[in-house]
Every structure is written in C-alpha cells, then in structure tokens.
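Chemist: Mind having a look at this structure? Questions to follow.
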Amino acid sequence: MEMMEMMKRDRDCGSLTKADIGVKATLNGWVHRKRDHGGVFFINLRDRYGVTQTVVDTAATPELAETAASLRNEYCVAVSGVVRARPGAMVNPAMPTGEIEIVAENIVILNKCDVLPFQIDDETNANEDLRLTYRYLDLRSEGMQRRIRLRSEVSFAVREWMTVRGFYEIETPTFIKSTPEGARDYLVPSRIHAGKFYALPQSPQLYKQLLMAGGFDKYFQIARCYRDEDARGDRQPEFTQIDIEMSFVSRDDVLAMTEGLMGHVFKKTLDIDLPSQFRRLTWKEAMESYGTDKPDLRFGMELRDFSLFVETSEQESGGFTAFKDALAAGGAVKALVVKSGAAYSRKQIEELEAHAKIYKAKGMAWMKVSAGGALEGGVSKFFIAQHKEITQELGAEAGDLILIVADANRRIANTALGAVRSKLGKDLKLADPKQFAFVWIVDFPLFEWNDEEQHWEAAHHLFSYPQERFHNMLESDPGAVLGDLYDLVLNGYELASGSIRIHDPVLQKRIFKIAGISEEDCEKKFGFLTTAFKYGAPPHGGIAPGLDRLVMLMAGESSIKEVIAFPKNTFAASPMDDCPSEVEQKQLDDLHLAVKN
Ligand code: ASP
C-alpha cells in the first residue's frame, strides 16, 4: 500500500476529546510547535480544524525518535497513535483538544519545509509585502483561517437567504462593453477584433437592470467588480459585491429585504441579533449632525448649530467677525462638545484644528467650560453674556471643550467639524468595537457639481431615479433634486449603495443630458439600455453590499486585505506571483498592441 494511503487521516486535529481515550487515530497536518524535553518530544499538529498534541516518548523505537528529532516547524506530516488522557498538570483548558494527547506509533514526513520567512502564529507580524509574497504561509495563521472561514460562511448565508426568498443567482459577463461608471475601466484587448476592447465590469449594474427587463424579477449574484483606481488606502483593484436587483419594488421594499438579509447573516454566522429595522437618516440630517454621509453611530458627539448665538455675540467689539461673516455669506457655524476636553493643551487643540484644515476649514475656534460652568479661553470673551444658554443648548458641562468651525460654505463647516468628530472618536476610542451600528442614509442629492469639469454629474450613478416631486425641475435646478438613493452604513463605513432605477427611456435621456453626456455618446455607450427600456422594462431597484467590507467589519478588522485570500498590495500588485508583469512580444502582436516606452 502507498504510504499516503496507509497514513490517511481518519480524524482531524480539532476533534479528539476525552471521549476518544483509547482510540487509535491518524492525523495529517503541519508541525505547529515542537518541544524536546530530553528525548521526549511534544509535537503539536495543526490543520484547519485545530491543534492536537502528539507525544513521542522514551518507549519509542529509535527510528521513531529519529524522525521526531528531525521534524521542524511546518513540516507536513502524518501521525498515528493511541489517544490518551494528558496528565493532570498538562491539561490545557484553552484548547478544545486540551485534555488528550496522541502517543505516536508512526510518523511519516509527507513534505519538509524550508527555513520559514516568518513564523506561523495566531497573527503574523511580518510586514505586508512579506505576508503577501508568502501568502500561502500567511493563510495558515489562525487569524487568516478564521477570517476566510467567516467569509465562506457569510457567502453561504447570503445564498441561503436569497435563494429561499425566491432570488435567482445569475452570472453576468466578465467581458463587457466599456461603459465607465465613475472609475476607470480595466480593459481587455480583443485578438479577434483588432483595435477593440472588452472592459471588466465595475459592477454588474447594467446587466442586472437588463435582467429585470428580461423578466427575472429577483436577482442576486456574489459578483466580482473591477475598478482601475489610484492605489490609495484600502482599495483593491478587484472586490466582491453582493449584487441584488428586484422588479416592481419601491425603496422601502429594498431596505426591508436588506435588513432581513443582514439579520440572517449576522445571526447565522456570529449569533448576533440585529434590530429588525435599521435607523434612517436623511443625507441632510447626516451631514448636519455628523458632517459625513457615513457616520459612525456607535458614539454620539453630534455637531450642533451655533449660529443662534452669533447674532447676539460681542464679536465686532473684539475685531473678531469670523462667525458673523460666515453666516452673512449664507454659510454655517457649527459646534462640537468634547466631554472632559477642557484638559486639552493648546497643542492638542491645534492638532485638531490642523485636521479640520485638511477638510478645508479656515480655522477652528474653541472655548472651555470652567469648573464653575463659565466659558473660558479661546473665543469665550465674545460669548460671556450667553454662557448659560450656550452650555445648555450644546449640553456642555464643567470640564468640557467646545470646538467651533464657521465657514461661508455650509458643507465645509459640516465636513471639517465632522472629520474632527471622527478623529476624536478614534483617538478617544469612543466606539465599542463589539457593537454593530447600522444606519440607512436616504434622500441623497441626485447630482453633484463637478467643479473641475464644470458640469453636473451623477452622485451615485446615472441610472438612479430622481424622486417624482423633482421631475419638473431636473433641468432648471439639478442641485436641488433628491434621488431615490440609499446607502447602508455600518460603523462609519459605506457598506452598500443602491437606488430605485430609471425605467423610462425618455427620463434616462434627460439625466444623461444634464450630466453632460452628448446625445451621440449616449447612443454609443448606453444605446442598448435605452433601447431595452422601450420594450416594457419594469420599474425596478436594487442594492449592492460590499462582501469584503461586510466580512472585514464582522471580523473586527480595518483592512479588506485581511478577508481576501489573495489580495493585491497597496500598489495594485501581487508580490507573490509578480503580477502585473510584462508579456511576450508575440502576445502583444496577437493583440495588435504596441507598448509605448
Ligand atoms: N452598482 C452600484 C454600485 O456598485 C450599486 C447599485 O446601485 O446597486 O455602487
């Protein structure tokens, strides 16, 4: 019999317990740790399921002892022997297999392991490029094993919930027409059609809408999306969405479906009960209270309107008119209370101000609430007379710090102070890492003004439905139009975006036109969609939660690379297989391509 056949595992490394004492078992796995206690070897064997201690003791044959002595970490081995109870002092209650060990009778080395570039621990502390170069080793760590398992379980729970509710999982093509959705497309040159290109989908957006036109009224897909964006932070060139579309629905149907899906996924994989409905904020409320459309609601610290105190303040007398000027120009004055922040040094406050300036604030004012409840320091002298009303309105108490940003542009006042709120949330660890705070952001503006290119563009994408009450003012006041758009936010991250879609070809063309897309371009890029809408396309809408982000947050991580088996590094490259790489001249010739130097 072949060695592997003889030594094939009949148990895994996580399953043996007291109940198995006296049983003969064969395990296959990796040498996790080896200890040599003067001729007695303790070899911890690891596989996906756990770790089991095996022992080669003094009664072992010389061959067995020699094999045991030669083992190194990460050798792949087969061990067979009899399960016995560990002596009392050696019981490890932290390990599921901690009450037993296997007395090895036979050990076969299935494969040796070179000197390791880093140790396989619960979490690897090697730097990222080293981890990615040897990702297959990194994947053996307990943390990566746990996260990839969670990802698989989440995908299964998604499929289970959607399928039971009558959704079909339908694949859409990976080679599509280039119809940029906001980011740059990854292009695939065609060999058969010289000079022509396929694009990899930024999302299955148009195809899922065409599936609705095709009569599949409930669709989902765990879909790979590709976006050629500048390497920055936590972006990946490819990522995965739980792509969903439904016909004959309104916004609340999509929200309720998503709440049900999230509830099922969290219950099934983490045994966490989510509320049956998530909180909702309008985009405007989110911007006014948190200065962002993805607020972390695990802590409060809301932005407050300070303008009511500006009118009656003593500003001119001190030559300080910043607040009044901001309001006179149609802007805003917003305040934030930092609990117990009166202890902050000038330097700390300046650091916060520098952060606000990154978000275009011109400055940040401050004052402190003294032990007696009066205002002191910073700009307090302009507000002495109103100190009671101010502290009461802002909910500020003795020992608190009040930060104020005024700007002629309301959006800047909000986002800059909102950024300070987020920073303080992180610095002061205000958010409970175990909490999952979902919130819907609804009623987004449909268009955003692109200052660089001087035209309106779609805030989400071009296919979102403008709320009906704005249809008669689309062209005359695009900035005021709200869309049937929604984002699902979790702990400060945008987890999903979606919208009710346009299904009327005439309305779709109006939107293209406002977004500055010429009739000709429209026809060339999106003609197939507007044509499809002419053949009785149903009203429809959908959403697309990001799978990577969802699993990342569920796993308590802050990088999606931690939940992707083979991610690219920050420079969109894979140090393991050296991708992207050059190709042979023959391949370029076949594709009718020449590389410019
Ligand atoms: N396709 C959209 C996106 O990728 C999501 C959606 O509207 O369903 O953001």
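The values are calculated or read from the model by the stated rules, or taken from the named source; none is laboratory data. Here the structure is a predicted model, which means the values were calculated and not measured. FYI the Cβ positions are ideal-geometry reconstructions off the backbone, even for glycines, and counts take in every protein chain you see.
Chemist: Out of Arg84, Arg35, report the one residue that is among the charged types (D, E, K, R) and under 23 Å from Glu142 (Cβ atoms).
Modeler: Criteria check complete, one pass: Arg35.
Chemist: Cβ-Cβ under 8 Å, sequence separation 6+ or interchain: first residue in the range 456-479 and over 10 Å from Ile514 (Cβ atoms), partner hydroxyl-bearing (Ser, Thr, Tyr) and surrounded by 12 or more Cβ atoms within 10 Å (Cβ to Cβ). Which pairs?
Modeler: Qualifying pairs under 8 Å: His460/Ser497; His460/Ser499; His461/Ser499; Phe463/Ser499; Ser464/Ser499; Tyr465/Ser499.
Chemist: Test Arg84 against the stated conditions and say whether it is modelled with pLDDT of 95 or more, more than 16 Å from Val31 (Cα to Cα) and of a type in the set (D, E, K, R).
Modeler: In short, yes.
Chemist: Let me ask another. I'm trying to understand the selection: among the residues of the range 55-75, which are surrounded by 15 or more Cβ atoms within 10 Å (Cβ to Cβ) and either over 23 Å from Tyr136 (Cβ atoms) or not polar (S, T, N, Q) (or both)?
Modeler: Val55, Val56, Asp57, Ala60, Leu64, Ala65, Thr67, Ala68, Leu71, Glu74, Tyr75
Chemist: Then there is this: When you go through (1) within 28 Å of Thr292 (Cβ to Cβ); (2) within 12 Å of the ligand (Cβ to nearest atom) one by one for Gln209, which number turns out not to apply?
Modeler: (1)
Chemist: Quick check on the range 108-122: of everything there that is hydrophobic (A, V, I, L, M, F, W, C) and farther than 23 Å from Arg9 by Cβ, which residue is surrounded by the most Cβ atoms within 10 Å (Cβ to Cβ)? Walk me through how you get there before you give the answer.
Modeler: Kept after step one, since they are hydrophobic (A, V, I, L, M, F, W, C), are these residues of the range 108-122: 108-110, 113, 115-116, 118, 120.
Cutting the leftovers down to farther than 23 Å from Arg9 by Cβ gives us 115-116, 118.
Numbers: Val115: 7, Leu116: 13, Phe118: 15.
Filtering first and then ranking leaves Phe118.
Chemist: Also: How about the range 224-234: which of its residues are within 16 Å of the ligand (Cβ to nearest atom) and either exposed (fewer than 15 other Cβ atoms within 10 Å of the Cβ) or in contact (Cβ under 8 Å) with a residue 60 or more places away in the chain (or both)?
Modeler: If the condition is that a residue be within 16 Å of the ligand (Cβ to nearest atom) and either exposed (fewer than 15 other Cβ atoms within 10 Å of the Cβ) or in contact (Cβ under 8 Å) with a residue 60 or more places away in the chain (or both), then Glu229 is the only one that fits.
Chemist: Then there's this: Those residues that are within 16 Å of the ligand (Cβ to nearest atom) and over 26 Å from Asp217 (Cβ atoms), I need them from the range 491-514; list them, please. Spell out the reasoning first.
Modeler: Step one: list which residues in the range 491-514 are within 16 Å of the ligand (Cβ to nearest atom), which gives 493-503, 508, 511.
Answer for the range 491-514, where residues must be within 16 Å of the ligand (Cβ to nearest atom) and over 26 Å from Asp217 (Cβ atoms): Tyr493, Glu494.
Chemist: Let me ask something additional. So is Leu261 within 16 Å of the ligand (Cβ to nearest atom) and hydrophobic (A, V, I, L, M, F, W, C) or not?
Modeler: Answer is yes for this residue.
Chemist: Would you check which residues across the range 23-54 are over 37 Å from the mean Cα position of the chain (by Cα) and either on the phi > 0 side of the Ramachandran plot or crowded, with 20+ Cβ neighbours inside 10 Å (or both) and list them?
Modeler: Ala25, Leu27, Gly38, Gly39, Phe41, Ile43, Gln53, Thr54
Chemist: Then there is this: Filter the range 288-321 for residues that are among the aliphatic types (A, V, I, L, M), crowded, with 16+ Cβ neighbours inside 10 Å and over 21 Å from the mean Cα position of the chain (by Cα); which is modelled with the lowest pLDDT?
Modeler: Checked the range 288-321; the qualifying residue modelled with the lowest pLDDT is Val310.
Chemist: Let me ask something else about it. For the range 474-486, does any single residue satisfy the condition of being more than 16 Å from the ligand (Cβ to nearest atom), in a helix (DSSP H, G or I) and under 21 Å from Pro204 (Cβ atoms)?
Modeler: Within the range 474-486, not a single residue is more than 16 Å from the ligand (Cβ to nearest atom), in a helix (DSSP H, G or I) and under 21 Å from Pro204 (Cβ atoms).
Chemist: So, one more: Among (1) crowded, with 21+ Cβ neighbours inside 10 Å; (2) within 30 Å of the chain's Cα centre (by Cα); (3) not β-branched (Val, Ile, Thr), there is one condition Pro478 misses while meeting the rest; what is its number?
Modeler: (2)
Chemist: Here is a further query. Any idea which residue in the range 1-48 is nearest to Arg72 (Cα to Cα), counting only those that are among the small types (Gly, Ala, Ser) and at pLDDT 95 or above?
Modeler: By that ranking, first place goes to Gly29.
Chemist: Continuing with the same structure: Quick one: which of Arg280, Arg251 is within 15 Å of the ligand (Cβ to nearest atom), modelled with pLDDT of 95 or more and among the basic types (Lys, Arg)? Break it down into steps so the answer makes sense when it comes.
Modeler: On the way: Arg280 fails: within 15 Å of the ligand (Cβ to nearest atom).
Going through Arg280, Arg251 in turn, the sole match is Arg251.
Chemist: Please verify whether Tyr465 is surrounded by fewer than 19 Cβ atoms within 10 Å (Cβ to Cβ), among the hydroxyl-bearing types (Ser, Thr, Tyr) and within 15 Å of the ligand (Cβ to nearest atom), treating the condition exactly as stated.
Modeler: No: the conditions fail for Tyr465.
Chemist: Can you name the number of the only condition in (1) surrounded by 15 or more Cβ atoms within 10 Å (Cβ to Cβ); (2) away from the ligand (no atom under 16 Å from the Cβ) that His460 fails?
Modeler: (2)
Chemist: Are any of the residues in the range 412-423 in a loop (DSSP other than H, G, I, E, B), more than 20 Å from Ala332 (Cα to Cα) and at pLDDT 95 or above?
Modeler: The answer is no; no qualifying residue exists.
Chemist: OK, next. Regarding the range 128-150, can at least one residue be identified that is at pLDDT 95 or above, within 21 Å of the chain's Cα centre (by Cα), surrounded by 15 or more Cβ atoms within 10 Å (Cβ to Cβ) and within 16 Å of the ligand (Cβ to nearest atom)?
Modeler: No, there is no match, as no residue in the range 128-150 is at pLDDT 95 or above, within 21 Å of the chain's Cα centre (by Cα), surrounded by 15 or more Cβ atoms within 10 Å (Cβ to Cβ) and within 16 Å of the ligand (Cβ to nearest atom).
Matching residues to (1) farther than 30 Å from Arg510 by Cβ; (2) touching a helix residue (DSSP H, G or I) at 6+ places or on another chain (Cβ under 9 Å); (3) of a type in the set (Asp, Glu):
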site	(1), (2), (3)
Leu401	yes, yes, no
Leu417	yes, yes, no
Leu424	yes, yes, no
Ala431	yes, yes, no
Ala437	yes, no, no
Val442	no, yes, no
Glu448	no, yes, yes
Asp451	no, no, yes
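Chemist: Among the residues of the range 487-496, is any assigned to a helix (DSSP H, G or I) and either polar (S, T, N, Q) or surrounded by 21 or more Cβ atoms within 10 Å (Cβ to Cβ) (or both)?
Modeler: No, there is no match, as no residue in the range 487-496 is assigned to a helix (DSSP H, G or I) and either polar (S, T, N, Q) or surrounded by 21 or more Cβ atoms within 10 Å (Cβ to Cβ) (or both).
Chemist: Right, next: How many residues are among the polar types (S, T, N, Q) and farther than 21 Å from Tyr359 by Cα when one looks only at the range 279-312? Walk me through how you get there before you give the answer.
Modeler: Filtering the range 279-312 down to residues among the polar types (S, T, N, Q) leaves 282, 289, 292, 307, 312.
Add one more test, that the residue is farther than 21 Å from Tyr359 by Cα, and what stays is 282, 312.
So the count comes out to 2.
Chemist: Right, another one. Six or more apart or on different chains, Cβ under 6 Å: which pairs go from a residue in the range 569-588 that's surrounded by fewer than 10 Cβ atoms within 10 Å (Cβ to Cβ) to one that's in a loop (DSSP other than H, G, I, E, B) and at pLDDT below 95? Could you list them?
Modeler: Matching pairs, first to second residue: Phe571/Ala231.
Chemist: With Ile176, Ile170, Ile192 as the choices, which residue is more than 29 Å from Asp443 (Cα to Cα), more than 14 Å from the ligand (Cβ to nearest atom) and surrounded by 16 or more Cβ atoms within 10 Å (Cβ to Cβ)? Spell out the reasoning first.
Modeler: Values: Ile176 fails: more than 14 Å from the ligand (Cβ to nearest atom); Ile192 fails: surrounded by 16 or more Cβ atoms within 10 Å (Cβ to Cβ).
Being more than 29 Å from Asp443 (Cα to Cα), more than 14 Å from the ligand (Cβ to nearest atom) and surrounded by 16 or more Cβ atoms within 10 Å (Cβ to Cβ) holds for just one of Ile176, Ile170, Ile192, which is Ile170.
Chemist: How do the strands (runs of 3 or more DSSP E) wholly within the range 237-346 filter down when requiring 2 or more residues that are closer than 30 Å to Ala572 by Cα: which remain?
Modeler: 238-247
Chemist: OK, next. Which condition does Thr391 not pass, out of (1) surrounded by 14 or more Cβ atoms within 10 Å (Cβ to Cβ); (2) assigned to a loop (DSSP other than H, G, I, E, B), if it passes all the others?
Modeler: (2)
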